[in-house]
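**Student:** Here's a structure for you.
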Amino acid sequence: MALLQISEPGQSTAPHQHRLAAGIDLGTTNSLVASVRSGQADTLPDAEGQHLLPSVVRYLPTGEHVVGFEAKAAAAQDPLNSIASVKRLMGRGVEDVKTLGAQLPYSFVPSDSGMPRIHTAGGDVSPVEVSAEILNVLRARAELSLGGELTGVVITVPAYFDDAQRQATKDAAKLANLNVLRLLNEPTAAAVAYGLDQKNDGVIAVYDLGGGTFDVSILRLNKGVFEVLATAGDTALGGDDMDRVIAGWIMQQAGIGDDADHKQMRRLLRDACAAKEALTDADSVALNIELMNGSHWEGALTRAQLNELIDPLIAQTLSPCRRALRDAGLKVADISEVVMVGGSTRVPRVRERVGEFFKCSPRVDIDPDKVVAIGAAIQADVLAGNKPDDEMLLLDVIPLSLGIETMGGLIEKIIPRNTTIPVSRAQDFTTFKDGQTAMALHVCQGERELVSDSRSLARFELRGIPPMVAGAARIRVTFQVDADGLLGVTAREETSGVQASIQVKPSYGLSDTEVETMLRDSMTHAHDDMGARRLREQQVEADRVIEALQSALATDGELFLADDERARIEAAAAELDSLRRGDDHRAIKRAIEAVEKASADYVARRMDANIRKAMAGHAVEDFK
Amino acid sequence: MAITLTETAATRVRNFLTNRGKGVGLRLGVKTTGCSGMAYVLEFVDAVEPEDQVFESHGVKVIVNPKSLAYLDGTELDYGKEGLNEGFKFNNPNVKDTCGCGESFNT
């Protein structure tokens, strides 16, 4: 007998056509899967009743692998084959991994695709494959819990994930046979779980303190669309650090020296973590620590003592909060809601300090470990079609502007940052030289004006442009960003119809701090950038003028110009050519104008001649 | 003529209604579809239609339209678990046979 769920009015499905959807929080430390059943979103436990799945995959020499608690438990003895925190490697290239890899215990092997592979006893695996194994376990759990195959899933990603990291996440889902309805930003998912998307417009701060990472995001809700205004954080700060300071305090109290072995340290950390968790409800917790010589030390840790120990760590999370607010150009008073995410936000002191900082009491009703998965499940339910049509569809925005390189190394932004997705924008470009038959397109991401300060996403060429005079070809470049924030670029020459396109694939990535830095730089360098852009624009214009003039002089200079006229024009051009190398955009502009003035008569004569040529043999009537 | 809920089912329905924040009760129904003729409908109710019959079981309003009632009379709705899966079960005395999956039936 099938087990049924309650549908929304009029949304019952035919047998075997249930639109089963799930939300997946694919986390650095732990992952979760959630679903909406009978209108209620909740995370799905495994057969042992565990909701969290440690994001650890252990590869065995037999070619088999285990995922979750079993893999995590083995990580200490078998670190090389137990892959944890693989999320940090998603969408990263070999070069990035060289810097990141130093902190990770795995052995990396280079590969042809530019994606790093990790060497394990069970063979070489890519970060995408490791993530797919985690997703596979979650998919199986969801399908057993929901009684059927999943129609689609929503997977959450950090707001600072760039295109490559998002694409890698999508690839992992594909490998795990999952249909991704949408990738959703983690802070957005948390806000959705609290139903904030259904509320009035406002600014929301999402404070996410996990086991090992801290993120803060400032979101603006505007007509049902969440914009990520700013993100900041610390990739090496979390609940584990609290455990370490508590363990340090216990060692001091119990007179345990720094020479404690690994086993003793692990036990101390476990005791510290347990004490921290107990102090969420209790005011004091008794400690009973087994010392190396077999004797026991007994003591107590009070809430007040704990607060004192962890205050410096909490303070470390508040400076990114301040930074995010500054980047967003907002004040504390602008924040209308604060949402708490991550297990470490259960610590009462954290809630207290965050509340004081943002001057409003943070949202804590939903389990902070599950809130992101729950928000994703709610979104998946809507996207799968289980809600009446009038229910709003949540939209997301692109985090950094997308554009292409134009002459002079400038970026022409085609889709500005914070545009809601999906989106498609086109812009027309033209050729720079006479008879130009190909065009190189360089797709860039970033807020600065110069290509050299931006991130290069892809390069491709449009070939087969019919030879025409400079400026006559019409090349339409279309940027298309799908609902997951993935980019496709097409260039099409309109008169001939030749076209070329590219899909942005993961090659190498940016770290979250780099994205942050890029955003911040664009603001601090706004003035310099504007100057640099003006200069480059004038230089490009100067090149174009000189190029056009030389080509004209070569064809009919003899015909239309007296020697002195020609000398004057050439002098003006030479002056322009020398100024062009300088950095005074105003001087270049004046020199361009001087060339144009000097050659005005010549241009007029050429034009008359061309018109006469074109009209020769035609009666005036022909042109009416 | 009656439709009932087990106590477990009623508790679940009450919780789901509270969580949803709106709705007057639970609609049970059948529609002609599926591999074996009929399929069950289980939906939240925001508006009761004039022709609907309303039962009350353990404090939950159960709403059925007269056409469906002919196929459902005497049904007891239960809530149960099978492995990781959990949900509502129709114990319907009118059913002659069900398809293999139990999602559709014949009377």
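**Student:** Assess whether A:GLN40 counts as being surrounded by fewer than 21 Cβ atoms within 10 Å (Cβ to Cβ), of a type in the set (S, T, N, Q) and in contact with a Gly (Cβ under 9 Å, 6 or more places away or on another chain). Walk me through how you get there before you give the answer.
**Tutor:** Working: surrounded by fewer than 21 Cβ atoms within 10 Å (Cβ to Cβ): yes; of a type in the set (S, T, N, Q): yes; in contact with a Gly (Cβ under 9 Å, 6 or more places away or on another chain): no.
Taking the combined requirement at face value, the residue does not satisfy it.
**Student:** Further question: Being within 12 Å of chain A (Cβ to nearest Cβ) and of a type in the set (Phe, Trp, Tyr) is the filter; apply it to region B:47-98 and report the residue that is farthest from the chain's Cα centre (by Cα).
**Tutor:** This residue is B:TYR79.
Conditions tested, residue by residue: (1) of a type in the set (A, V, I, L, M, F, W, C); (2) on the phi > 0 side of the Ramachandran plot; (3) at pLDDT below 80.
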position: A:LEU209; (1), (2), (3): yes, no, no
position: A:VAL225; (1), (2), (3): yes, no, yes
position: A:GLN252; (1), (2), (3): no, no, no
position: A:LYS276; (1), (2), (3): no, no, no
position: A:ALA286; (1), (2), (3): yes, no, no
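**Student:** Is it the case that some residue within region A:5-23 is outside any strand (DSSP E or B), of a type in the set (A, V, I, L, M) and surrounded by 21 or more Cβ atoms within 10 Å (Cβ to Cβ)? Steps first, answer last, please.
**Tutor:** Residues of region A:5-23 that are outside any strand (DSSP E or B), as a first pass: A:5-6, A:8-20.
Still in the list and also of a type in the set (A, V, I, L, M): A:6, A:14, A:20.
Those left that are additionally surrounded by 21 or more Cβ atoms within 10 Å (Cβ to Cβ): A:6, A:20.
Checked region A:5-23: at least one residue is outside any strand (DSSP E or B), of a type in the set (A, V, I, L, M) and surrounded by 21 or more Cβ atoms within 10 Å (Cβ to Cβ).
**Student:** Name the one entry in A:GLU547, A:GLU570 that is touching a residue at least 60 places away in the same chain (Cβ under 8 Å), within 55 Å of the chain's Cα centre (by Cα) and either in a helix (DSSP H, G or I) or on the phi > 0 side of the Ramachandran plot (or both). Don't jump to the end; show me each part of the working.
**Tutor:** Details: A:GLU570 fails: touching a residue at least 60 places away in the same chain (Cβ under 8 Å).
Sole residue among the options that is touching a residue at least 60 places away in the same chain (Cβ under 8 Å), within 55 Å of the chain's Cα centre (by Cα) and either in a helix (DSSP H, G or I) or on the phi > 0 side of the Ramachandran plot (or both): A:GLU547.
**Student:** Output the residues belonging to region B:48-94 that are among the acidic types (Asp, Glu) and in contact with an Asp or Glu (Cβ under 6 Å, 6 or more places away or on another chain).
**Tutor:** Of region B:48-94, the ones among the acidic types (Asp, Glu) are B:49, B:51-52, B:56, B:73, B:76, B:78, B:82, B:86.
Answer for region B:48-94, where residues must be among the acidic types (Asp, Glu) and in contact with an Asp or Glu (Cβ under 6 Å, 6 or more places away or on another chain): there is none.
**Student:** When you go through (1) within 23 Å of A:SER217 (Cβ to Cβ); (2) surrounded by 17 or more Cβ atoms within 10 Å (Cβ to Cβ); (3) in contact with a helix residue (DSSP H, G or I) (Cβ under 9 Å, 6 or more places away or on another chain) one by one for A:LEU318, which number turns out not to apply?
**Tutor:** (2)
**Student:** Here's a follow-up. Return yes when A:LEU44 is of a type outside the set (Lys, Arg) and within 14 Å of chain B (Cβ to nearest Cβ) and no when it is not. Walk me through how you get there before you give the answer.
**Tutor:** On the way: of a type outside the set (Lys, Arg): yes; within 14 Å of chain B (Cβ to nearest Cβ): yes.
The answer is yes for A:LEU44.
**Student:** In addition: Tell me, which helices (runs of 4 or more DSSP H) lie completely within region A:175-285 with 1 or more residues that are polar (S, T, N, Q) and in contact with a Phe, Trp or Tyr (Cβ under 7 Å, 6 or more places away or on another chain)?
**Tutor:** Numbers: elements: A:186-193, A:239-254, A:262-278.
It comes to A:186-193.
**Student:** For residues that are among the hydroxyl-bearing types (Ser, Thr, Tyr), part of a loop (DSSP other than H, G, I, E, B) and buried (at least 17 other Cβ atoms within 10 Å of the Cβ), tally how many sit in region A:43-74. Explain how you work it out, then say what you get.
**Tutor:** Kept after step one, since they are among the hydroxyl-bearing types (Ser, Thr, Tyr), are these residues of region A:43-74: A:43, A:55, A:59, A:62.
Applying the additional criterion that residues be part of a loop (DSSP other than H, G, I, E, B) yields A:55, A:62.
Now drop any that are not buried (at least 17 other Cβ atoms within 10 Å of the Cβ), which leaves A:55.
Residues that pass the stated criteria total 1.
**Student:** Here is a check on your reading of the model: is A:LEU20 within 14 Å of another protein chain (Cβ to nearest Cβ) and either over 30 Å from A:GLY238 (Cα atoms) or modelled with pLDDT of 95 or more (or both)? Let's see the steps before the verdict.
**Tutor:** On the way: within 14 Å of another protein chain (Cβ to nearest Cβ): yes; either over 30 Å from A:GLY238 (Cα atoms) or modelled with pLDDT of 95 or more (or both): yes.
Against the criterion (within 14 Å of another protein chain (Cβ to nearest Cβ) and either over 30 Å from A:GLY238 (Cα atoms) or modelled with pLDDT of 95 or more (or both)), A:LEU20 qualifies.
**Student:** Just to be sure before I move on: is A:ASP25 within 11 Å of chain B (Cβ to nearest Cβ), touching a strand residue (DSSP E or B) at 6+ places or on another chain (Cβ under 8 Å) and acidic (Asp, Glu) in the structure I sent? Give the derivation first.
**Tutor:** Working: within 11 Å of chain B (Cβ to nearest Cβ): no; touching a strand residue (DSSP E or B) at 6+ places or on another chain (Cβ under 8 Å): yes; acidic (Asp, Glu): yes.
Criteria not met by A:ASP25.
**Student:** Right, next: Within region A:455-496, track down each residue that is in a loop (DSSP other than H, G, I, E, B) and either hydrophobic (A, V, I, L, M, F, W, C) or modelled with pLDDT under 80 (or both). Show your work before the answer.
**Tutor:** Filtering region A:455-496 down to residues in a loop (DSSP other than H, G, I, E, B) leaves A:464-474, A:482-486, A:494-496.
A:ILE465, A:MET468, A:VAL469, A:ALA470, A:ALA472, A:ALA473, A:ASP482, A:ALA483, A:ASP484, A:GLY485, A:LEU486, listed by residue number.
**Student:** Mind listing just one residue for me: the one in region B:24-46 that is under 24 Å from A:GLY195 (Cβ atoms) and more than 8 Å from chain A (Cβ to nearest Cβ) and, of those, surrounded by the fewest Cβ atoms within 10 Å (Cβ to Cβ)?
**Tutor:** So the residue we want is B:VAL24.
**Student:** Give region A:561-591 a look and list any residue that's within 19 Å of A:MET607 (Cα to Cα) and crowded, with 19+ Cβ neighbours inside 10 Å, or say none. Break it down into steps so the answer makes sense when it comes.
**Tutor:** First, the residues of region A:561-591 that are within 19 Å of A:MET607 (Cα to Cα): A:561-562, A:565-566, A:569.
Listed by number, the residues that qualify are A:LEU561, A:ILE569.
**Student:** Go through B:VAL54, B:VAL62 for me and flag whichever is part of a strand (DSSP E or B), among the hydrophobic types (A, V, I, L, M, F, W, C) and surrounded by fewer than 21 Cβ atoms within 10 Å (Cβ to Cβ). Even if it seems obvious, please write down each step before you answer.
**Tutor:** Values: B:VAL62 fails: surrounded by fewer than 21 Cβ atoms within 10 Å (Cβ to Cβ).
The unique qualifying residue is B:VAL54.
**Student:** Going residue by residue through region B:4-16, is there one that turns out to be surrounded by 21 or more Cβ atoms within 10 Å (Cβ to Cβ), modelled with pLDDT of 90 or more, more than 10 Å from chain A (Cβ to nearest Cβ) and not in a helix (DSSP H, G or I)?
**Tutor:** Yes; the residues of region B:4-16 include at least one that is surrounded by 21 or more Cβ atoms within 10 Å (Cβ to Cβ), modelled with pLDDT of 90 or more, more than 10 Å from chain A (Cβ to nearest Cβ) and not in a helix (DSSP H, G or I).
**Student:** Among A:ALA274, A:ALA254, A:ALA286, which is farther than 30 Å from A:ILE398 by Cβ, surrounded by 15 or more Cβ atoms within 10 Å (Cβ to Cβ) and either more than 19 Å from the chain's Cα centre (by Cα) or not aliphatic (A, V, I, L, M) (or both)? Walk me through how you get there before you give the answer.
**Tutor:** Working: A:ALA274 fails: surrounded by 15 or more Cβ atoms within 10 Å (Cβ to Cβ); A:ALA286 fails: surrounded by 15 or more Cβ atoms within 10 Å (Cβ to Cβ).
Residue meeting the stated conditions: A:ALA254.
**Student:** I need every pair where a residue in region A:192-213 that is aromatic (Phe, Trp, Tyr) has its Cβ under 9 Å from the Cβ of a residue that is in a loop (DSSP other than H, G, I, E, B), sequence separation at least 6 or different chains.
**Tutor:** Close Cβ pairs satisfying both conditions: A:TYR194/A:ASP365; A:TYR194/A:ILE366; A:TYR207/A:GLY342; A:TYR207/A:PRO362.
**Student:** A further question on this structure: For region A:367-381: of the residues being in contact with a Leu (Cβ under 7 Å, 6 or more places away or on another chain) and part of a helix (DSSP H, G or I), which is farthest from A:LEU20 (Cα to Cα)? Even if it seems obvious, please write down each step before you answer.
**Tutor:** Here is the first cut: in region A:367-381, the residues in contact with a Leu (Cβ under 7 Å, 6 or more places away or on another chain) are A:369-370, A:373, A:376, A:379-380.
If we keep only those that are part of a helix (DSSP H, G or I) too, we end up with A:373, A:376, A:379-380.
Working: A:ALA373: 15, A:ALA376: 13, A:GLN379: 12, A:ALA380: 9 Å.
So the residue we want is A:ALA373.
**Student:** Among the residues of region A:79-99, which ones are touching a Phe, Trp or Tyr at 6+ places or on another chain (Cβ under 9 Å) and part of a loop (DSSP other than H, G, I, E, B)?
**Tutor:** Passing the criteria: A:PRO79, A:LEU80, A:ASN81, A:MET90, A:GLY91, A:ARG92, A:GLY93.
**Student:** Against the conditions (1) surrounded by fewer than 22 Cβ atoms within 10 Å (Cβ to Cβ); (2) of a type in the set (D, E, K, R); (3) more than 14 Å from every other protein chain (Cβ to nearest Cβ); (4) closer than 30 Å to A:LEU330 by Cβ, where does A:ASP124 fall short? Just the number, please.
**Tutor:** With (1) surrounded by fewer than 22 Cβ atoms within 10 Å (Cβ to Cβ); (2) of a type in the set (D, E, K, R); (3) more than 14 Å from every other protein chain (Cβ to nearest Cβ); (4) closer than 30 Å to A:LEU330 by Cβ applied to A:ASP124, the lone miss is (4).
The values are calculated or read from the model by the stated rules, or taken from the named source; none is laboratory data. These figures come from a predicted structure and were not determined experimentally. Don't worry about glycine lacking a Cβ; one is built from the backbone with ideal geometry, like all the others, and counts go over all protein chains shown.
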